[in-house]
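Some notes on the structure that comes next.
Any read-out appearing in this document is the output of simple, stated calculations on the displayed coordinates, not a laboratory observation. Source: prediction; values computed, not measured. Note that we place each Cβ from the backbone using ideal geometry, even for glycine, and neighbour counts take in every protein chain shown.
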Amino acid sequence: MPWNDEAGSRPTSLAQMSELLEAVVAGASGEALAEIPLPRSTRAVFVRREDQDMFEGLDSRDKDPRKSLRVDEVAVPELAPDEVYVAVMASSINFNTVWTSIFEPLPTFGFLDRLGSESIWGRRHALDYHVVGSDAAGVVVRVGSLVRNWKVGDEVTVHCNYVDDQDPSSHDDSMLASNQRIWGFETNFGGLADIAVVKANQLMPKPTHLTWEEAAVNALCNSTAYRMLVSRNGAPVREGDKVLIWGASGGLGAFAVQHVLNAGGVPVGVVSSSSKAALLKRLGCENVINREEKQYHFWQDEHTQDESEWRRLGKDIRSLVGSDPDIVFEHPGRSTMGASVFVAKRGGTIVTCAATSGYMIEYDNRHLWMRLKTIKGSHFSNYREAWSANQAIVDGRVVPPLSAVFPLEETGEAAFEVQHNRHEGKIGILCLAPREGLGVSDPALRAAVGEDRLTIFRHDKG
Ligand code: NAP
């Protein structure tokens, strides 16, 4: 195994990573990178098994990712034959890292233990720490012996669908595979680290016109929104369709808006502040509902919903776009699902991938069956869908909604921002990249897409 061959000569500390980093930043050739020894340990963000009960008895909002997410060096595991090491230049915060960090709905160590029981290579994952993160952009620095399509030196982004290609159930739509997992959430060695371990079938080309941090924030949310709204596996938007998008300036929503516009649909974005509303307009979403201003009270109390409030939302949508939404893009869950089912048009579809506010959902089933509506469940994307979603970024048809960038050491702070809905779009995390702005190799394409468009979400950049 390549790991064992090299182990004797490896640097032990990340301080000694600088040679590799300098070579990557300088655009060194694959041959040159292959000559540079990899360290035995890597800086990484992780939660510890011993901490999994630390928030017992607290409300979700009081469970603090800044307390549970640690940044320290951990051993780099051996490389399986179908894997690569990626020197991670940048990563991003996804909501699944928030879930892991507050140990809800379950501690993720159960996922690792299950993976650990499946194979010799799986055993590496069942550790007392869980390195998190489900997005990454970086450079391939070693490849396993079975890797065919990628080589050392390739600049890549990473999608998080982790499947076992020896499982027959993974060979139609791999999201239907019985052992499908999300990398960095249901597996160890995720993207919030300087070195990540990635299956070769998670790799995609890095968009050449983007910086590392812009390239790192797309794969998870963009691919999820793509499957929900573009792929035939979701609720594909047709020209002229009206699409209600909850959280339209958030991670998923910012991609959903762009996919709806690209398909010739009409997005109606819901947000919770006037600054988010303005942001959406800059993204091209003309129809925006500010739920903070409208003060919808879908729930009268913990057990009772108010149909007149659903009706008020429906009226607001019709006053903007003239008819009920053909599709509702759902993810808040318990707070909004009753309203979503109600406002969808007769024969319309509610496509859902999450339940941020609670997963025990209630809606009035009469509105579903009498008006022939469909609720469609969706989860991340298969490799084909992730690749197509990435191509939209590569071509500049979809832009990254990067709003802020934190250093790896401050991942807990960044996760806290997302947990408390204090962010917009996506938060990027700098891993090996020494500063923002690096990694653009096609400035002409960048200029063609437009600096203004690429930085719509960067208020802090003026
Ligand atoms: P995000 O960046 O936090 O955005 C979510 C947006 O939803 C927020 O910006 C907020 O927008 C809105 N929102 C939150 N709570 C709400 C409520 N109670 N009522 C109405 N709107 C609410 O998160 P994200 O990355 O888009 O992810 C959203 C959810 O999807 C998370 O639970 C995540 O775990 C899940 N997810 C699932 C998949 C999958 O493959 N299954 C993939 C990605 C994400 P406003 O405050 O502006 O309205």
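In a fully extended conformation the segment linking Ser29 and Val440 would gain 146.3 nm over its present Cα-Cα distance, using 0.36 nm per residue.
The fewest-to-most ranking of Tyr296, Tyr226 by surrounding Cβ atoms within 10 Å reads Tyr296, Tyr226.
Taken along its principal axes, the alpha carbon cloud of the chain reaches lengths of 70, 51, 42 Å, longest axis first. With respect to the chain, whose longest principal axis is taken over its alpha-carbon atoms, helix 219-229 is tilted by about 30°. Each Cα pair under 8 Å and six or more residues apart adds its sequence gap; the mean of these over the residue count of the range 235-377 is a relative contact order of 20 percent. Bridgeable lysines around Lys373 (alpha carbons under 24 Å apart, same-chain partners fewer than 8 residues away excluded): Lys242, Lys315, Lys345. Taken over the alpha carbons of the range 13-121 as equal point scatterers, the Debye sum produces base-10 log I(q)/I(0) values at 0.16, 0.17, 0.19, 0.23 Å⁻¹ of -0.92, -0.99, -1.11, -1.30.
Listing Asp128, Asp59, Asp164 from fewest to most neighbouring C-beta atoms within 10 Å gives Asp59, Asp128, Asp164.
About its Cα centre, the chain has a charge dipole of approximately 1440 debye under the convention of +1 per Lys or Arg Cβ and -1 per Asp or Glu Cβ, with nothing else charged.
The orientation-averaged shadow of the Cα convex hull for the range 78-224, equal to a quarter of the hull surface, comes to 8.4 nm². Computed over the range 235-377, the alpha-carbon pair-distance distribution with 5 angstrom bins reads 2, 11, 21, 25, 23, 12, 4, 1, each value a whole percent.
Three principal axis extents of the range 149-212 based on alpha-carbon atoms, in descending order, are 36, 22, 20 Å. In order along the range 441-453, the Karplus-derived 3J(HN,Hα) couplings, from 6.51 cos²θ - 1.76 cosθ + 1.60 at θ = phi - 60°, round to 10, 10, x, 5, 5, 4, 5, 5, 5, x, 4, 4, 5 Hz, and Gly and Pro are given as x. Segment Glu302..Arg238, full-extension length gain: 19.3 nm, with 0.36 nm per residue of separation and the alpha-carbon distance subtracted.
Tell me the angle of helix 251-262 to the major Cα principal axis of the chain, expressed in degrees between 0 and 90 and rounded to the nearest ten. Helix 251-262 sits at roughly 70 degrees to that axis.
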